[in-house]
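Report on one structure; see the data block that follows.
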Amino acid sequence: MPDAPSRPVFRFAPSPNGPLHLGHALSALINESRAAEIGGRLLLRIEDIDPARCRPEFETALKADLDWLGFAYERPVRRQSEHLDAYDRAFSTLQSAGLVYPAFLSRGEIKARVAQVESAGASWPRDPDGAPLYPGPERDWNSAQRAAALATGRQHAWRLDMAKAVTAVGIALAWSESGEGPGGQTGEIVAAPEAWGDVILSRPDAPSSYHLSVVVDDALQGVSHVVRGRDLFHATSVHRLLQVLLGLPVPLYHHHRLLLDAHGRKLSKSQGDTGLTAWRLSGRSAAELRRFLLG
């Protein structure tokens, strides 16, 4: 008899770097709802790749919040910090292809160089999130120059040489979007990874970047449907590029609305926005929260 078709796979992937807020709850519930609609599996992934910001107490708290919410996910839970070898292999593939380079400028040095250009009246290119593109000269160094710089022991990040990577792919990239981008984009979306410049793939304080680890995790977990906030819509261009470079499958994407505060900005852990724990401890029920978020 033929094998039974595999079930669709969804995932909710928070980072334990602060309390969950209501925007996280919305994303979890939309994943849950869409998985239920088509008989899909629902996974929880803990994206704790950044040891400086991610803490065990936040992971414990977020699991308690999700249990209270009634968010039923499969076990075991994947924790990124337990799978660093998978990201190392992916990085090595890109490095062997000559698509990465060591970048030595600090955040302060980048800021100073950009400010110098802009103070002279010129503009500096910025990525879709508004951050300036990397200005360093290292991408043009030869192997001897890079080896000499690395031998000094100076701290550095590893960046993707975007121009080389796009050339290596050699095809137009796109993804299938069932949600909606910031400008109302939906359907077949043309990817534009070059808008992000030479993105970081690893740095001294984190062994793998979000971009690299998320595409590796989605592939290894068999994720077929990526459902996440609209703030990550443009980042999908980078993910599509990495998927092709690494020979990884392409999920379907659905970017959902964001919860905004009174000032029109998205909820944020760093800003101390309305937390899921605070809602729970106020005595209001999970059913009330579900109705509030989903209508």
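Which of the residues belonging to the stretch 269-291 are among the hydroxyl-bearing types (Ser, Thr, Tyr), modelled with pLDDT of 60 or more and in a loop (DSSP other than H, G, I, E, B)?
Filtering the stretch 269-291 down to residues among the hydroxyl-bearing types (Ser, Thr, Tyr) leaves 270, 274, 277, 282, 285.
Filter again for modelled with pLDDT of 60 or more, leaving 274, 277, 282, 285.
Residues satisfying the conditions are THR274, SER282, SER285.
Restricting to helices (runs of 4 or more DSSP H) lying wholly in the stretch 125-244: which have 2 or more residues that are on the phi < 0 side of the Ramachandran plot, buried (at least 19 other Cβ atoms within 10 Å of the Cβ) and among the β-branched types (Val, Ile, Thr)?
Details: elements: 143-151, 162-169, 210-220.
So the answer is 210-220.
Starting from the stretch 92-106, take each residue that is in contact (Cβ under 8 Å) with a residue 24 or more places away in the chain and list its partners that are assigned to a helix (DSSP H, G or I) and surrounded by fewer than 14 Cβ atoms within 10 Å (Cβ to Cβ), counting only C-beta distances under 7 angstrom and pairs at least six apart or across chains.
Hits for this filter: PRO102/LEU150.
Which of the residues that make up the stretch 20-49 are more than 17 Å from HIS256 (Cβ to Cβ), surrounded by 19 or more Cβ atoms within 10 Å (Cβ to Cβ) and of a type outside the set (Asp, Glu)? Steps first, please.
Going through the stretch 20-49, the residues more than 17 Å from HIS256 (Cβ to Cβ) turn out to be 39, 41, 43-49.
Restricting the remaining residues to those that are surrounded by 19 or more Cβ atoms within 10 Å (Cβ to Cβ) gives 43-49.
Once the filter is applied, which keeps residues that are more than 17 Å from HIS256 (Cβ to Cβ), surrounded by 19 or more Cβ atoms within 10 Å (Cβ to Cβ) and of a type outside the set (Asp, Glu), the stretch 20-49 yields LEU43, LEU44, ARG45, ILE46, ILE49.
Among the residues of the stretch 243-262, which ones are over 17 Å from ARG11 (Cβ atoms) and within 16 Å of the chain's Cα centre (by Cα)? First the steps, then the outcome.
Filtering the stretch 243-262 down to residues over 17 Å from ARG11 (Cβ atoms) leaves 244-247, 257-262.
Selection gives LEU258 alone.
Of the residues in the stretch 32-49, how many are of a type in the set (Lys, Arg) and in contact (Cβ under 8 Å) with a residue 40 or more places away in the chain?
At the first step, the residues of the stretch 32-49 found to be of a type in the set (Lys, Arg) are 34, 41, 45.
If we keep only those that are in contact (Cβ under 8 Å) with a residue 40 or more places away in the chain too, we end up with 34, 45.
Summing the residues that are of a type in the set (Lys, Arg) and in contact (Cβ under 8 Å) with a residue 40 or more places away in the chain in the stretch 32-49 gives 2.
Condition check: surrounded by fewer than 17 Cβ atoms within 10 Å (Cβ to Cβ), in contact with a strand residue (DSSP E or B) (Cβ under 6 Å, 6 or more places away or on another chain) and at pLDDT below 95. Does LEU294 satisfy that? Show your work before the answer.
Numbers: surrounded by fewer than 17 Cβ atoms within 10 Å (Cβ to Cβ): yes; in contact with a strand residue (DSSP E or B) (Cβ under 6 Å, 6 or more places away or on another chain): no; at pLDDT below 95: yes.
The answer is no for LEU294.
Going by the conditions given, is ALA52 exposed (fewer than 12 other Cβ atoms within 10 Å of the Cβ) and touching a residue at least 60 places away in the same chain (Cβ under 8 Å)? Write out each step before concluding.
Details: exposed (fewer than 12 other Cβ atoms within 10 Å of the Cβ): yes; touching a residue at least 60 places away in the same chain (Cβ under 8 Å): yes.
Answer is yes for this residue.
Is there a residue being small (Gly, Ala, Ser) and more than 30 Å from LEU43 (Cα to Cα) anywhere in the stretch 77-97? Steps first, please.
The initial filter retains those residues of the stretch 77-97 that are small (Gly, Ala, Ser), namely 81, 86, 90, 92, 96-97.
Still in the list and also more than 30 Å from LEU43 (Cα to Cα): 96-97.
Checked against the condition, which is being small (Gly, Ala, Ser) and more than 30 Å from LEU43 (Cα to Cα), the stretch 77-97 yields at least one hit.
Evaluate the following for GLU47: is it at pLDDT 95 or above, under 16 Å from PRO8 (Cα atoms) and acidic (Asp, Glu)?
Considered against the rule, which asks whether it is at pLDDT 95 or above, under 16 Å from PRO8 (Cα atoms) and acidic (Asp, Glu), GLU47 comes out as no.
Which residues, taken from the stretch 28-47, are among the hydrophobic types (A, V, I, L, M, F, W, C), outside any helix (DSSP H, G or I) and closer than 17 Å to LEU252 by Cβ? Talk me through it step by step, then tell me what you get.
The initial filter retains those residues of the stretch 28-47 that are among the hydrophobic types (A, V, I, L, M, F, W, C), namely 28-30, 35-36, 38, 42-44, 46.
Next, from what is left, pick out any that are outside any helix (DSSP H, G or I): 38, 42-44, 46.
Listed by number, the residues that qualify are ILE38, LEU42, LEU43.
Pairs needed: first member in the stretch 9-27, at pLDDT below 95 and outside any loop (DSSP other than H, G, I, E, B); second member anywhere, surrounded by fewer than 23 Cβ atoms within 10 Å (Cβ to Cβ) and of a type in the set (Val, Ile, Thr); C-beta distance under 9 Å; at least 6 residues apart or different chains.
Close Cβ pairs satisfying both conditions: HIS21/THR274; LEU22/THR274; GLY23/THR274.
Would you tally the residues in the stretch 216-235 being without any contact (Cβ under 8 Å) to a residue 60 or more places away in the chain and not aliphatic (A, V, I, L, M)?
Residues that pass the stated criteria total 3.
The values are calculated or read from the model by the stated rules, or taken from the named source; none is laboratory data. Quantities reported herein were computed from a predicted structural model and do not represent experimental measurements. In this analysis, Cβ positions are derived from the backbone assuming ideal geometry, glycine residues included, and neighbour counts consider all displayed protein chains.
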